[in-house]
1. When residues of segment 388-404 are filtered for being over 19 Å from Lys218 (Cβ atoms) and either free of Cβ contacts under 8 Å to residues at least 60 places away in the same chain or of a type outside the set (Asp, Glu) (or both), how many remain?
2. Could you grab me the full set of residues in segment 217-226 that are in contact with a helix residue (DSSP H, G or I) (Cβ under 7 Å, 6 or more places away or on another chain) and either touching a residue at least 60 places away in the same chain (Cβ under 8 Å) or closer than 28 Å to Pro112 by Cβ (or both)?
3. Could you tell me whether any residue of segment 377-385 is touching a residue at least 60 places away in the same chain (Cβ under 8 Å), part of a loop (DSSP other than H, G, I, E, B) and surrounded by 24 or more Cβ atoms within 10 Å (Cβ to Cβ)?
4. Could you please find all residues in segment 63-87 being assigned to a loop (DSSP other than H, G, I, E, B), out of contact with any Lys or Arg (no Cβ under 6 Å at 6 or more places or on another chain), under 16 Å from Val35 (Cα atoms) and not hydroxyl-bearing (Ser, Thr, Tyr)?
5. On the basis of being farther than 17 Å from Gly345 by Cβ, surrounded by 13 or more Cβ atoms within 10 Å (Cβ to Cβ) and either of a type in the set (D, E, K, R) or in contact with a Cys (Cβ under 6 Å, 6 or more places away or on another chain) (or both), does Lys148 make the cut?
6. Kindly list the number of the only condition in (1) of a type in the set (Gly, Ala, Ser); (2) at pLDDT 95 or above; (3) under 20 Å from the mean Cα position of the chain (by Cα); (4) at negative phi that fails for Ala105.
7. So how many residues does segment 410-425 have that are buried (at least 22 other Cβ atoms within 10 Å of the Cβ) and in a loop (DSSP other than H, G, I, E, B)?
8. Can you name every residue in segment 345-362 that is touching a helix residue (DSSP H, G or I) at 6+ places or on another chain (Cβ under 7 Å) and crowded, with 24+ Cβ neighbours inside 10 Å?
Amino acid sequence: MLATGAALLTACAAFATAPVVSNVRMAQRANSRMVDILYDLDGEAAIVTLGIETNGVPIPDSAVTHIYGDVCRVVQTGANRSIVWNAGADWPENQTAQAKARITAWSTNAPPQYMVIDLENKSASSYPVFYYPSEAAIPGGITNSIYKTYRLAMRYIPPTSGVGFYMGSPVEELGRNSTGRENQKLTYLTKGFYIGVYEVTQQQWYQVMSEVQAWPSKWSNVDYRTTRPVEQVSYFRIRENALSNTAITPHWPATNSVGSSSFMGKLRAKTGIEGLDLPTDAQWEYACRAGTSGALHDGTVNIASETIDASLAQLGRYAYNGGRLNGTGTPAVTCTTSNATAEVGSYLPNAWGLYDMHGNVFEWCLDGFDTTNPQLPGGTDPVGVTVDTARIRRSGSCLHPAKDNRSALRSYGGPHYETEGDTGFRLTRTLP
């Protein structure tokens, strides 16, 4: 016997108009390891997640991943909402009569730690969106190749604390840009946001944009392209007019509107989520640093040299760990992932579980870049300058040396730029 329908634990997020879970029932099907869980949801629509506990102790989230129905997504209010748990797949060697369902209803404005967009049916009118309370709860695990191809996985980043964080680099940081663009500024972010666990890949771009721009890659080896980061995509094609590679008017920061033919336009239309976009310059650096303040997000205070750094080699693809031939030569366009761009997630993540925040490809940000006055804006929820001729790029790339792959490095490019094979992007969703 796995479970009974006895008294069950329920929980809900505490907000002014909080969703309320009640009347939870749990029963194992006869001669089966399938478990049916029913519940009522009142108050408002909510994101519902499931946990299982036995003898008052939660079992690991990794043992509750084969679940279906009104769970891991936004659920509308109503009675007899249904979840099915395949305990035989998740928990095959365990039996107990004390298992209880722990249902949590999260406000849609304060959702769980991970969000996943399902892109598999690229011709569908909508993309399903799922939520998970922890990395362990993600079916198959976050490093599974499906989250690099047919699913877009995003991790929640909370607002900065009252002390904020410093963008930019200290004067003693090796490789620091001398134009003032890295002068440190205290910065505050008042809104939480999701950001991509990985850079958007070629396959993910294809799933959304195949009718506009199918495989926009300099690195043309078809045997390796699916999990490489998408590149040769412009700021305009990502969020404005993808058909003509031009701007829409007005555009960010005057408005957060996007063009209907763009990657963001198509993704917003099929998910119903208006907050999907590129990160701001400040959001990107905050997510990259993950609480650190040195040159690299692993806590490295200073790189060893402006060209080669052993710590950086563990964190991302750059010129001297395969990006270029012997650090300086240009790889063949038909190269495998041993050169040029690597498969996303090939190196160590930062403390917040984000991969390739150093190297692989430069990543577009929303902010404009003023080449005549390149100072960081700082302050609260900064949006940068209104210059339209250049946009911020972060992360560094496979074609650049160590100094150009630091946390504070701020590059830029024309918003139509898509030629060198080392500029892509990472998806972000800012919450209300």
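The values are calculated or read from the model by the stated rules, or taken from the named source; none is laboratory data. For clarity, every value in this text was computed on a predicted model and none was experimentally measured. Here the Cβ is made from the backbone with ideal geometry for all residues, glycine too, and neighbour counts use every protein chain on show.
1. So the count comes out to 8.
2. Selection gives Ser217, Thr226.
3. no
4. Listed by number, the residues that qualify are Val64, His66, Val71.
5. No; evaluated as a whole, the condition is false for this residue.
6. Looking at each condition in turn, Ala105 falls short on (3).
7. Total meeting the criteria: 6.
8. Met357, His358, Gly359, listed by residue number.
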